[in-house]
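The values are calculated or read from the model by the stated rules, or taken from the named source; none is laboratory data. Since this is a predicted model, take the numbers as computed values, not measurements. Positions of Cβ are backbone-derived with ideal geometry, glycine not excepted, and every protein chain shown enters the neighbour counts.
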Amino acid sequence: MRPIFHAQLINRTFGDPGVLIDLKFERRAILFDIGDISVLPTRKLLRVSDVFVSHTHMDHFCGFDHLLRVCLGRDRGVSLYGPDEFITHLEHKLAAYTWNLVENYQTEFVVLAHEIDRQGCVKRARFRSTRRFQREALPAASAAEGVLLETPMFRVRSAPLEHHDITSLAFAFEESVHINVWKSRLDALRLPTGPWLTELKQRVREGAPDSTPIKVKWRTRVGAHVQELELGELKRKVLEFVPGQKICYVTDVADNERNRNALAVFLKGADLLFIEAVFLDADRAHAERKAHLTARAAGAIARAAGIKSVVPFHFSPRYLGREAELRQEFDDAWLHAPGATC
Ligand SMILES: [Zn+2]
Ligand SMILES: [Zn+2]
């Protein structure tokens, strides 16, 4: 299967938490958390369309200024999503600068903010460069099943979890359906590969009717060729549909029963999980005070949800030089059932 996106940690495991999902064919990228993002090259930041912020502790939100600076003047805006009080925090960040020269930019840059509460109600606001980023209220929306963003290709869902006395959001990126092309069947039908296949997949994802005409264009030495086929026929003959990938992101959560139960449901069947593993189990009391997961708790949560592949991160700097211990403890809990001796 050729993945249509690539997910990676922004920083090394002791650095600020965050994940970049690069949607290669859409020239678009999304971020889970926006702490220190200075390692990301400008060309990647310019593709960022949506930023999902678990909560606004500094290590998860301080990179917004950097993104804004890079993207000002870009003709495409950016949407941000976060938990309670998020819009106020964003408003204050934007209000911290003097914008008297911002009109000099030729294009309007728009920041759309979304704030989801525990009932799934989404408050929305807009901040436009042409209004010097003054807050403008937009009508509220609702997020059924925690869905914050939905496109024909993917959706992003959130789940509220407890972190001290505030909410930290977990996120799931869910590809709608993965569409493969049978090259051998294309060959049998004497059809070429090319940009028309991208268009075909796009139409299928949008739910276009089977009668939709698809133009297949190609060139040979004898000239240009065009053949028109119906979408339904191509769907049957050359496409294969497989379940889409699910990628989850969990950070800054207390190890309690409520969070564990919520995560068992939310993470179920994920292909890839990024999960914090901040402390060693030996420092469990400290982890409890800080409302973070130990490596052992993170491994047990991943195991309970049947995750296929896991990346632990957000290691506490107190273990610099002892990374292997955290990884070992995490693997022991993830790969081996409690009490197993093998
Ligand atoms: Zn943190
Ligand atoms: Zn935090």
In the set LEU90, LEU94, LEU80, LEU46, which member is surrounded by 18 or more Cβ atoms within 10 Å (Cβ to Cβ) and under 19 Å from the mean Cα position of the chain (by Cα)?
LEU80
Is region 195-206 home to any residue that is part of a loop (DSSP other than H, G, I, E, B), in contact with a Phe, Trp or Tyr (Cβ under 9 Å, 6 or more places away or on another chain) and farther than 30 Å from ALA300 by Cβ?
no
If I ask for residues that are within 14 Å of ligand 1 (Cβ to nearest atom) and acidic (Asp, Glu), which ones from region 50-92 would you list?
ASP59
I'm checking my understanding of the structure. Among residues of region 1-29 that are among the β-branched types (Val, Ile, Thr) and away from ligand 1 (no atom under 16 Å from the Cβ), which one is farthest from TYR81 (Cα to Cα)?
ILE4
Residue count for region 177-194, restricted to those that are assigned to a helix (DSSP H, G or I) and either in contact (Cβ under 8 Å) with a residue 40 or more places away in the chain or within 16 Å of ligand 1 (Cβ to nearest atom) (or both):
2
Can you find even one residue in region 310-325 that is over 16 Å from ILE247 (Cα atoms), touching a residue at least 60 places away in the same chain (Cβ under 8 Å) and acidic (Asp, Glu)?
yes
Given VAL156, VAL181, which one is over 30 Å from HIS225 (Cβ atoms) and at pLDDT 90 or above?
VAL156
Identify the residue in region 241-261 that is surrounded by fewer than 17 Cβ atoms within 10 Å (Cβ to Cβ) and either β-branched (Val, Ile, Thr) or within 16 Å of ligand 2 (Cβ to nearest atom) (or both) and, among all such residues, is modelled with the lowest pLDDT.
VAL242
Considering every residue within region 203-224, establish whether at least one is in contact with a Pro (Cβ under 7 Å, 6 or more places away or on another chain) and of a type outside the set (A, V, I, L, M, F, W, C).
yes
I need a count of the residues in region 230-260 that are assigned to a helix (DSSP H, G or I) and within 17 Å of ARG185 (Cα to Cα).
8
Can you tell me which residue is farthest from the chain's Cα centre (by Cα) among those in region 30-39 that are more than 16 Å from ligand 1 (Cβ to nearest atom) and either crowded, with 22+ Cβ neighbours inside 10 Å or not aliphatic (A, V, I, L, M) (or both)?
SER38
Pull out all pairs, ordered by first then second residue, where Cβ-Cβ is under 9 Å, the residues are six or more apart or on different chains, the first lies in region 77-96 and is free of Cβ contacts under 8 Å to residues at least 60 places away in the same chain and small (Gly, Ala, Ser), and the second is surrounded by fewer than 22 Cβ atoms within 10 Å (Cβ to Cβ) and assigned to a loop (DSSP other than H, G, I, E, B).
GLY77/GLU108; GLY77/PHE109; ALA95/GLN134
The correct count of residues that are of a type in the set (S, T, N, Q) and either within 16 Å of ligand 2 (Cβ to nearest atom) or farther than 16 Å from SER129 by Cα (or both) in region 58-93 is 1
If GLU174 satisfies all but one of (1) assigned to a helix (DSSP H, G or I); (2) closer than 30 Å to PHE14 by Cβ, what's the number of the condition it fails?
(1)
In region 262-287, how many are within 16 Å of ligand 2 (Cβ to nearest atom) and either loosely packed, with under 15 Cβ neighbours inside 10 Å or not in a helix (DSSP H, G or I) (or both)?
6
More than 16 Å from ligand 2 (Cβ to nearest atom), among the basic types (Lys, Arg) and more than 17 Å from THR56 (Cα to Cα), is that true of ARG118?
no
